[in-house]
Each structure stands twice: as C-alpha cells, then as structure tokens.
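Student: Mind having a look at this structure? Questions to follow.
Any read-out appearing in this document is the output of simple, stated calculations on the displayed coordinates, not a laboratory observation. It should be emphasised that the depicted structure is a prediction, and the values quoted were computed from it without experimental measurement. Because the Cβ atoms are built from the backbone with ideal geometry, glycine has one as well, and the counts that use them run over all protein chains shown.
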C-alpha cells in the first residue's frame with residue numbers, strides 16, 4: 001500500500017513564532033479534517049504550538065489516517081504507511097521545538113497510539129481521547145514499550161462509538177504492562193466528543209511536561 005505524504009497542516013502560530021515551543025501534533029477523527037483540531041490551541045498553554053495535519057486518506061467529504069476493517073481496527077499496511085508519512089513530516093518540522101506531544105481524538109487516538117508504539121522516544125508525552133490503541137496492526141506492544149512516557153487517557157465510560165472490547169484492551173495494557181506514566185480521566189455524559197472541562201485537564205497535563 002503506497003505511502004501518502006502529509007500535505008495539509010494547520011498551524012496555531014506563524015512560522016516566525018514557533019522556535020522553542022512545544023509542538024502538539026493534533027490528530028483528528030475519522031471523516032474529519034484539521035479544522036476540527038486546530039482550535040484546541042486556545043485551551044492549551046502559551047508555550048505550545050499546535051500543528052493539525054490532515055489525514056492522507058480521503059473518506060467521503062473528509063479524511064482519515066488509515067483504511068480499516070471496522071471501527072478502531074486499522075488495516076496494518078495502511079496505518080504503517082501513514083506512520084512513516086507522519087515521521088517523515090516530523091523529521092522536517094520537529095527540530096525547532098523543545099519537544100513533541102501527540103494529541104489524538106477518536107481515529108486520531110488510534111493513529112497517535114501507533115506513532116507512540118512505533119517510536120516512543122520521539123515524544124515527551126501523549127494525550128489520547130475517546131479511542132483505542134491500534135491492536136493487531138503490526139506495532140510493538142511488548143511489556144514496558146512506553147516506559148516512563150507521560151500519557152493522558154480519557155473517555156466517557158458510557159460512549160458507544162469505539163467498541164468496548166478495544167477500549168478495555170487498551171486500558172488494561174496501559175494500566176498494567178505498558179510502562180507509561182498514566183493519567184486516567186473519565187467524563188461521563190460527554191459522549192464521543194471533547195469538553196471544556198476535559199481540555200482544562202489536558203492543558204494542566206501538558207503544562208507539567210518537560
């Protein structure tokens with residue numbers, strides 16, 4: 001499956017103001033695009049720059065990160081191709097920043113989880129919202145894979161978009177053998193969405209990152 005390059009990226013700062021900031025890579029959900037994520041910059045600390053790339057796979061009127069075989073279940077060749085495309089883009093832009101944080105929502109959580117599992121040492125932290133890790137898609141999930149990585153995980157416990165078996169599998173691994181420095185939050189009643197309260201907690205988490 002060919003690798004599609006990352007061609008469309010929305011930025012929260014002009015290029016002249018990005019040096020020395022923390023780069024937060026905000027990954028949208030399936031069928032959406034970068035416009036759904038770039039506005040999160042207003043809720044995050046001043047020392048960050050948000051970059052919101054567009055998924056390279058077209059889907060109806062929106063975009064996605066990978067082809068799947070059901071909600072939350074990536075096709076291995078597709079997600080691995082996009083993983084490489086994102087790393088190629090990051091190689092060009094990350095050097096001017098003091099660190100890189102992944103922030104994913106829904107399908108962007110599966111994509112972000114894949115990036116973390118592929119090369120965890122690229123990142124100083126991660127925020128994964130309303131999603132699942134990309135199971136059975138070719139990534140290393142051995143014990144301690146995310147050793148010491150600060151990771152914010154949250155979901156509405158009653159949400160019904162992401163299959164419950166995938167959520168539970170992700171939570172079990174993150175809590176027990178991932179090695180991540182895990183911070184868990186639940187937001188009952190928000191459904192498959194983000195909330196102001198949630199973004200306040202995300203902002204506090206990002207502020208504490210090195």
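Student: With a 10 Å cut-off between alpha carbons and a GNM built on the chain, which of 99, 200, 72 moves the most?
Tutor: Result for the chain, Cα springs under 10 Å: 200 fluctuates most.
Student: Another question, if that's okay. Expressed as a rounded percentage, what relative contact order does the chain have, with Cα pairs under 8 Å and six or more residues apart?
Tutor: Values: 455 pairs, mean separation 41.9, N = 210.
Reported as a whole number, the value is 20 percent.
Student: Based on DSSP H runs of at least 4 residues, each adding -39500 (n - 2.57), what is the mean residue ellipticity at 222 nm of the chain after dividing by all its residues, to the nearest 500 deg cm²/dmol?
Tutor: The per-residue figure over the chain is -8500 deg cm²/dmol.
Student: If packing is taken as the average number of other Cβ atoms within 10 Å across a peptide's residues, how do 82-94, 157-169 rank, most packed first? Please report the intermediate quantities before stating the final value.
Tutor: Numbers: 82-94: 17.5, 157-169: 14.5.
Result, highest mean Cβ count within 10 Å first: 82-94, 157-169.
Student: Still on this structure, I have one more. Please report the antiparallel percentage of DSSP beta bridges with both residues in segment 40-164, rounded to the nearest 5.
Tutor: Numbers: 4 of 13 bridges.
Beta bridges within segment 40-164, antiparallel portion: roughly 30 percent.
Student: If you project the alpha carbons of segment 1-118 onto the principal axes, what extent comes out on each, in Å, largest first?
Tutor: So the three principal-axis extents are 40, 24, 22 Å.
Student: Output the Cα-based Rg and Dmax of segment 119-165 in Å, rounding Rg to one decimal and Dmax to a whole number.
Tutor: 12.3, 33
Student: Then there's this: Go from 0 up to the bin containing the longest alpha carbon distance in segment 12-207, width 5 Å each, and give me the % of pairs per bin.
Tutor: Once binned at 5 Å, the Cα pair distances of segment 12-207 give 1, 8, 17, 23, 22, 18, 8, 2, 0.
Student: Using Cβ contacts closer than 10 Å as the measure, can you line up 178, 204 from fewest to most? Kindly include the intermediate steps, with their values, before the conclusion.
Tutor: On the way: 178 24, 204 12.
Ordered from fewest to most neighbouring Cβ atoms within 10 Å, 178, 204 come out as 204, 178.
Student: So, one more: Out of all DSSP beta bridges with both ends in the chain, state the antiparallel percent to the nearest 5. Write down the numbers at each step before the final one.
Tutor: Working: 8 of 33 bridges.
About 25 percent, rounded to the nearest 5.
Student: Using a 10 angstrom cutoff on alpha carbons, build the Gaussian network for the chain and name the most mobile of 111, 199, 37.
Tutor: Of 111, 199, 37, the most mobile in the Gaussian network model is 199.
Student: Which of 129, 80 comes first, and how do the rest follow, when ranked by fewest Cβ neighbours within 10 Å? Don't skip to the answer; put the middle values down first.
Tutor: Values: 129 27, 80 20.
Sorted ascending by nearby Cβ count, the order is 80, 129.
Student: In 10 Å bins starting at 0, how do the alpha-carbon pair distances of segment 99-181 split up by percent?
Tutor: 19, 60, 20, 1
Student: Moving to a separate point now. Hey, if you drop one equal point scatterer on each alpha-carbon of segment 72-124 and run the Debye formula without solvent, what base-10 log of I(q)/I(0) do you get at q = 0.24 Å⁻¹?
Tutor: -0.98
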